[in-house]
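The values are calculated or read from the model by the stated rules, or taken from the named source; none is laboratory data. From a predicted model like this one, the values you see are computed outputs, not experimental measurements. Neighbour counts run over all protein chains shown; Cβ positions are idealised from the backbone, glycine included.
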Amino acid sequence: MPGPRPVVLSGPSGAGKSTLMKRLMRDHEGIFGFSVSHTTRNPRPGEEDGKGLNKLPMLLGAILLPIAPFSVEVLEKPTSISCPNESEDYHFSTREVMQEGIDNGDFIENAVFSGNMYGTSKAAIEDVLAMNKICILDVDIQGVKRIKETDLNPIYISIQPPSMEILETRLRDRQTETEESLQKRLEAARIDMELSNEPGVFDAVIINDDLERAYEELKDMLNDEIQKIQEKS
Ligand SMILES: Nc1ncnc2c1ncn2[C@@H]1O[C@H](COP(=O)(O)OP(=O)(O)OP(=O)(O)O)[C@@H](O)[C@H]1O
């Protein structure tokens, strides 16, 4: 696959993925990109098909469900990869076309949200790589497994909280959750933490205890790819 290797960032909701990604993007302008998601929802006024590359990821966090089988109705859109904010532009598609792509295995993940389908296609990721940018994929553990079936060859990094107690405190302090969604996230986190420790799943498991140290570890993991891009441009 041409272009820089993508980076998979996984880990429980509240582990600090968005915080670390935002810093990475701030410190390395033009190096990282996000793929444009597909959706079957209608474009809003001013939205254009296929735009939205390289925006910051949204803060809402990963999908709640630890397992995201195809066409499951989720409470949030799959943020996985891009979903920068509500004004994000998408690849607008019809149900038929999107379903065909899903059936063909062209999507690394998809979900139904408020009756509309959302998904991330392999092609959208390849578009980012073709621009000589590192595509960041923020996916749950099921997304990791799906990506392993592709030839995307990313660097797999798991961001983990120091403990369940600290995770709960951070999620509460973030003030983005209802009690119900918080409990769902904690339940999903327990499963994620267990699966992430399976040998061979991740190239690195970074414990986000001290933010500075976690950020340095993350940068070290990505240094080679970052340098390759800087040399080319
Ligand atoms: N090392 C850290 N020490 C203390 N607080 C932190 C640390 N890292 C992140 N936080 C805080 O924890 C909260 C959760 O972090 P963040 O939103 O980045 O998690 P996330 O993994 O992106 O979650 P989600 O998957 O739900 O988007 C935020 O309020 C953030 O400011």
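Would you point out which residue out of D192, D151 is of a type in the set (D, E), under 30 Å from N104 (Cα atoms) and touching a Ser or Thr at 6+ places or on another chain (Cβ under 8 Å)?
None of the others qualify; the one that does is D192.
Might you let me know whether region 1-17 holds any residue that is within 16 Å of the ligand (Cβ to nearest atom), at pLDDT below 85, in contact with a helix residue (DSSP H, G or I) (Cβ under 7 Å, 6 or more places away or on another chain) and over 24 Å from R172 (Cβ atoms)? Spell out the reasoning first.
We begin by selecting, within region 1-17, every residue within 16 Å of the ligand (Cβ to nearest atom); these are 7-17.
From the residues that got through so far, the ones that are at pLDDT below 85 too are none.
No, there is no match, as no residue in region 1-17 is within 16 Å of the ligand (Cβ to nearest atom), at pLDDT below 85, in contact with a helix residue (DSSP H, G or I) (Cβ under 7 Å, 6 or more places away or on another chain) and over 24 Å from R172 (Cβ atoms).
If I go through region 177-231 residue by residue, how many of them are within 22 Å of V8 (Cβ to Cβ) and away from the ligand (no atom under 16 Å from the Cβ)?
18
Looking at Q142, Q230, Q183, which one is part of a helix (DSSP H, G or I) and within 30 Å of N104 (Cβ to Cβ)?
Details: Q230 fails: within 30 Å of N104 (Cβ to Cβ); Q183 fails: within 30 Å of N104 (Cβ to Cβ).
Answer to the check: Q142.
If I filter region 148-181 down to residues being out of contact with any helix residue (DSSP H, G or I) (no Cβ under 6 Å at 6 or more places or on another chain) and among the small types (G, A, S), which single residue comes out as nearest to G200 (Cα to Cα)?
So, considering only residues that are out of contact with any helix residue (DSSP H, G or I) (no Cβ under 6 Å at 6 or more places or on another chain) and among the small types (G, A, S), the one nearest to G200 (Cα to Cα) is S163.
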